[in-house]
Amino acid sequence: MALNRTDVERIAHLARLEVGEQELAAYAETLSRILGLIEQMNAIDTDGIAPMAHPLDAGLRLRADEVTERDQRERFQAIAPSAQAGLYLVPKVIE
Amino acid sequence: MHRKSVAELSKALNKKDISSCELTSVYLDRIQAHSELNAFITVDRERALKQAQEADARLKAGTGTALTGIPIAQKDIFCTDGMLTTCASRMLANFVAPYDATVIRKFGEAGSVLLGKTNMDEFAMGSSNETSFFGPVRNPWDRRCVPGGSSGGSAAAVAARLAVAATGTDTGGSIRQPAALTGITGLKPSYGRVSRYGMIAFASSLDQAGPMTRSAEDAALLLNVMAGFDPLDSTSVDRPVPDYASTLDRPLTGLRIGLPQEYFGEGLGTGVAVAIESALEEFRKLGAKILEVSLPNSSLAIPCYYVLAPAEASSNLARYDGVRYGYRAPEYEDLWEMYAKSRAQGFGAEVKRRIMIGTYALSAGYYDAYYLKAQKLRRLISSDFDRAFEVCDVIMGPAAPSTAFELGSKTDDPVAMYLSDIYTISVNLAGLPGMSIPAGFDSNGRPIGLQIIGKYFDEARLLNVAHKFQQATDWHLRVPEGF
Amino acid sequence: MDWETVIGLEVHVQLLTNSKLFSGSSTRFGAEPNTQACAVDIALPGVLPVMNRDAARMAVKFGLAVGATINRRSIFARKNYFYPDLPKGYQISQYELPVVQLGRLAIEVDGVHKEIGITRAHLEEDAGKSLHEDFRGLTGIDLNRAGTPLLEIVSEPDLRSAREAVAYLKKLHVLVRYLGICDGNMQEGSFRCDANVSVRPRGQHAFGTRAEIKNVNSFRFVEKAIDYEVGRQIELIEGGGKVVQETRQYDSVRNETRSMRSKEEAHDYRYFPDPDLLPLQLDPGFIEETATDMPELPDAKRERFTREYGLTVYDAEVLTGSRDMADYYEDAVRAVPGQPKLTANWVIGEFSGYLNRDNVEVSGAPVTSDMLAGLVQRIADSTISGKIAKEIFEAMWDGEGDADAVIDKRGLRQITDKSAIEQVIDEVLTRNPKQLEQYRAGQDKLFGFFVGQVMKATQGKANPAQVNDALRKKLDGNRT
């Protein structure tokens, strides 16, 4: 399936990637080519095949409900782009 | 001294013929002398020498392991406490990790020396190491060529003897393909064998870390350290780790080698095909039997992978939003712009392409046609291997369709680049162990890799098969000129 | 036109685990910002989730309590969206295969019994908090809550009025606290409710378009918000308009719901199975073990209280309103056998009254069940009168010791000595000749006056029954 500029804009928005007006066409072209490769999948009938989510055919291991972590705020926030009073700061979230 | 293997150096260190400090200095100097390869993103001389001193003390006290004092390079995808961990992305160009990946911790506990962090494709997305924010790595066999990817820095470092050994990660071929293109030994273990904790995720159901070394014996020594259950990784398998070094010498008499006809068709370079054929001849001499097997859905591995891996990646890379760490755009009007600009500027072109493909494949209305379809194909591809392994012990074929290609020759055509992993990807989809070992050179003197694929958790057999081959051949001992 | 209201509720129940759903951070409420947010919670590169066993156990407990199907295999999925308080850029939740499916909860409104279907209950992690004040136009992010385990309980659209919705919520609230899986604290957000509300002409089968009212955090506001929303929708439709499917926020100050106009287009969460987590597989042993660990549930307990202790349905209902209260009652009953009714009166009366007055929990009450039982014992054996008992209860509440200690210290022991009582009566009669004369002249109601005077003279300690008897004998025996 070929993607157009509107598709690219929609996907870029969902993925939170700024794509300039002048890049849209190039993205549409490259992504369409990749989708062309992907659509070779359609050559095979997969009706009735169980999807495989994971190579491991096992159940989830569960851990004991214990507090094992200590406060490392200072270390973690030393690498934050913007933090103050123990909080990460971002532009105002509009509800 | 820089020509010696892990096993040889380990002996020398334990006999105090050399010290880890001396050895480490030799390698640090070599890295500096060959910086034009761009194999490393970060080298911390002081840290390395401090670790070497500690290793020497440990060796003196007689409490060393096989890896104590051995200088090792780590792919820059493993979080390393207090050290820059970039994943070769602008997004993490300033990210000093506040914790150690399990793999890093294990090497630390074994007493090995961390020489530095190797260059790679950005977020492990690429097959040529050209997507790195820190520039491409050059192939020591031919500097006009790529070393393969994504573990290109580790591959080049081992091939050029800038490290005794290195680690890599492999999501669709990222250990085996660069190993093949640089003439070294690379092993991707079974999914679940090595902990993924602290290894920056690309595609969680496919990623697996493994050793990149000069020989199968060295790979066994590294895997002994890397493998094992980790309670911090829910996909790590709780299964005992054998001593991989102890079974290397088993005879190959009666070994059944399966050759998938699909791996020898159109697209395989002639030089590669010839080298693989002579390698098989060598195995016949070692007592193995060769038989044909079929992996009928192989051709769908690439399309299937390019849905699943980008889908998982699009979600795994959502955490890079400029809020808690990593790159934040210098200017933005509001929250939306902060996200969109930080991510657009922080990620390179290939990463963005894959995020977009993955986002699309998971989006409403397309999930069934892409993601679900790919998961079903994954089942078919995996079943192909199950059937093949009913009649053979290992599967062999080329690791890559061609030898190293020239820098820039495929950068404009992502689809052509994706085909570099045509023989390796299905192994990740099935979660099986796979290896690439040196098996000759093409007419341009560029290395060729033989791929060996094993049954689930059969790493010991792969290493045994590779080691016996390396006892009978010397491809793995060849070193590029000038190194 | 006659309209019918249709309501479905989504309740987020914060599970009472020590640590988070997928990390070893503490879930304690009220810590300094980001001090309970570990590497996994802040989604550092490379970190991985590991699931908390007790969270699974609590989900199973709930499922068993509402007679639901416990799925032996359920799947964690990623719900992808960007928000600053969502560190990974996705929430780990359950989508196609939740751990609990198809349960029910019985409610009663105005004596009418009704079963409400529970569509599903699934495990998911909570997000952090965005703080909008104090940062010069910026938003502060606290991730302490990020990763806290939630059980999202989704009802069928079976509720037909705001009162039914509240009855369901209260029932659920009591249940989760009984099960010990949630502290039920609505102020701290441990029990949060979203309501899907629509209206349709009575008799119409198809549902109307629904609006979702987000995060209403008290029972009273749920009722008011739904009532407002129902009125708004009816008015809108009758005025020729159309209800749009949207998320609305309830403003308790203005008592209205408002559209949350989001810049975001229709959400596309791109759910897919989390590749970092394998399927949650619960073996029969795990489920059985959980089943044996189940407490007696509120309905069963209420029924037993009426049967075993001869209580009225109302009393049993009040006493089983919380597990703590019911346990307190039963502990007291055990300590003073043979007095279940009297004990119930005291627990429902004084004890609950003081709890409310001082806003304390049963567990924090200064009067223990043993102390209450001691008091009941002294009423039963006539050591004290019911009136004096109230004074003693207050003293016990104020920390003066148990009933016997207070009785002794304050000299409150009831006077049961016949001659002593008769002596007081004689004094009273002598002191009030006028009233005595009037009584004898036929003013029978003055009898109460004499009782009062006797009680007053004994500071309330005389046994009222004996006073009655003796007084009657003295007055009426001499009547000519």
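Element breakdown for segment C:9-56 at a 1.4 angstrom probe: carbon and sulfur atoms account for 43% of the accessible area.
Give the Debye-formula value of log10 I(q)/I(0) at each listed q (0.18 Å⁻¹), with one equal scatterer per alpha carbon of segment C:201-324, two decimals each. Calculated log10 I(q)/I(0) at the listed q: -0.97. Averaged over peptide C:120-130, the number of partner chain Cβ atoms lying within 10 Å of each residue's Cβ comes to 1.
Protection proxy ranking, highest mean first, for peptides C:208-220, A:37-49: C:208-220, A:37-49, where packing is the per-residue count of other beta-carbon atoms within 10 Å, averaged. Within the assembled protein chains, the solvent-accessible surface assigned to B:Glu390 is about 140 Å², based on a 1.4 Å probe. Ordered from largest to smallest accessible area (heavy atoms of protein chains, 1.4 Å probe), the residues B:Asp384, B:Asp81, C:Asp417 come out as C:Asp417, B:Asp81, B:Asp384. Given +1 at the Cβ of Lys and Arg, -1 at the Cβ of Asp and Glu and no other charges, the dipole of segment C:399-468 around its Cα centre is 260 debye to the nearest 20. By a 1.4 Å probe calculation restricted to protein chains, A:Glu69 has an accessible surface near 80 Å², given to the nearest 10. Within the same chain, aspartates and glutamates fewer than 8 places from B:Lys16 are excluded, and of the rest, those with a Cα less than 13 Å from its Cα are B:Glu8, B:Asp56. Charge dipole (Cα centre; +1 on Lys/Arg Cβ, -1 on Asp/Glu Cβ; no other charges) of chain C amounts to roughly 1020 debye. In terms of the mean number of neighbouring beta-carbon atoms within 10 Å, the peptides B:368-377, C:462-471 order highest first as B:368-377, C:462-471.
In a simple Cβ point-charge model (Lys, Arg +1; Asp, Glu -1; nothing else charged), the protein assembly as shown has a dipole of about 920 debye relative to its Cα centre. For C:Lys434, the solvent-accessible surface computed with a 1.4 Å probe is close to 140 Å², ligands and nucleic acids excluded. For the set C:Leu102, C:Leu175, the ranking by accessible area, highest first and with no ligand, DNA or RNA atoms included, is C:Leu102, C:Leu175 under a 1.4 Å probe.
In terms of overall dimensions, the C-alpha atoms belonging to chain B reach 63, 53, 45 Å along their principal axes, ordered largest to smallest.
Take the Cα radius of gyration of segment C:296-410 and divide it by 2.2 N^0.38 Å, N being the number of residues; the result is 1.02. Over segment C:3-289, accessible surface divided per residue gives 39 Å², non-protein components excluded, 1.4 Å probe. Take each residue of peptide B:227-234, count the partner chain Cβ atoms within 10 Å of its Cβ, and average: the result is 5. The helix-based estimate of mean residue ellipticity at 222 nm for chain C, built from -39,500 (n - 2.57) per DSSP H run of four or more residues and divided by its residue count, is -12000 deg cm²/dmol to the nearest 500.
Computed over neighbours whose Cβ is under 14 Å from that of B:Arg47, the net charge equals -2, Lys and Arg +1, Asp and Glu -1. With 23 Å as the limit, the listed pairs B:Lys4/B:Lys468; C:Lys20/C:Lys171; C:Lys61/C:Lys301 have C:Lys20/C:Lys171 beyond it between alpha carbons. Helix A:5-14 and the longest principal axis of the Cα set of chain A meet at an angle near 20°. Across C:Asp408, C:Asp324, the residue with the most accessible area heads the list, and the full order at a 1.4 Å probe is C:Asp408, C:Asp324. Taking amide H as placed 1.01 Å from N in the peptide plane, C:Ile116 has its amide H under 5 Å from the amide H of C:Leu105, C:Ala106, C:Ile107, each at least 5 places away in sequence or on another chain.
Scattering from segment B:379-463 was approximated by placing one identical point on each alpha carbon and applying the Debye formula without solvent; log10 I(q)/I(0) at 0.14, 0.18 1/Å stands at -0.56, -0.84. Compared with the dominant Cα axis of chain C, that is its longest principal axis, helix C:386-397 is turned about 50°. Between the listed residues C:Gln423, C:Tyr439, C:Asn463, the Cα displaced farthest toward the positive end of the dipole of segment C:418-477, a dipole computed from Cβ unit charges relative to the Cα centre, is found at C:Asn463. Using a cut-off of 19 Å between alpha-carbon atoms, which lysines can reach C:Lys418, once sequence neighbours fewer than 8 places away in the same chain are excluded? Filter leaves C:Lys456, C:Lys461, C:Lys473, C:Lys474.
With 26 Å as the limit on Cα-Cα distance, the pairs of B:Lys106/C:Lys129; B:Lys352/C:Lys129; B:Lys50/B:Lys188; C:Lys341/C:Lys390; B:Lys188/B:Lys376 that go past it are B:Lys106/C:Lys129; B:Lys352/C:Lys129; B:Lys50/B:Lys188.
For chain A, which whole percent of the accessible surface, found with a 1.4 angstrom probe, sits on carbon and sulfur atoms? Carbon and sulfur: 49 percent of the exposed surface of chain A. Estimated from helices alone, the mean residue ellipticity of chain B at 222 nm is -11000 deg cm²/dmol (sum of -39500 (n - 2.57) over DSSP H runs with n ≥ 4, per residue). Here segment C:166-221 is described by how far its Cα atoms reach on the three principal axes: 41, 19, 17 Å, from widest to narrowest. Taking amide hydrogens as placed 1.01 Å from N in the peptide plane, the amide H of B:Ile290 sits under 5 Å from those of B:Ile257, each at least 5 positions away in sequence or on another chain.
When the Cα positions of B:Ala364, B:Gly69, B:Leu450 are compared along the charge dipole of chain B, B:Gly69 comes out farthest toward the positive end, with charges on each C-beta of Lys, Arg, Asp and Glu.
Taken residue by residue and averaged, Cβ atoms of other chains lying within 10 Å of the Cβ of B:325-338 number 4.
The values are calculated or read from the model by the stated rules, or taken from the named source; none is laboratory data. Note that the coordinates shown come from a computational prediction; the quantities given were computed from them, not determined experimentally. Note: ideal-geometry Cβ built from the backbone for every residue, glycine included; neighbour counts use all protein chains shown. Each accessible area value is taken on the protein alone, full model and side chains, heavy atoms only, with ligands, DNA and RNA left out. Shrake-Rupley method; radii C 1.70, N 1.55, O 1.52, S 1.80 Å.
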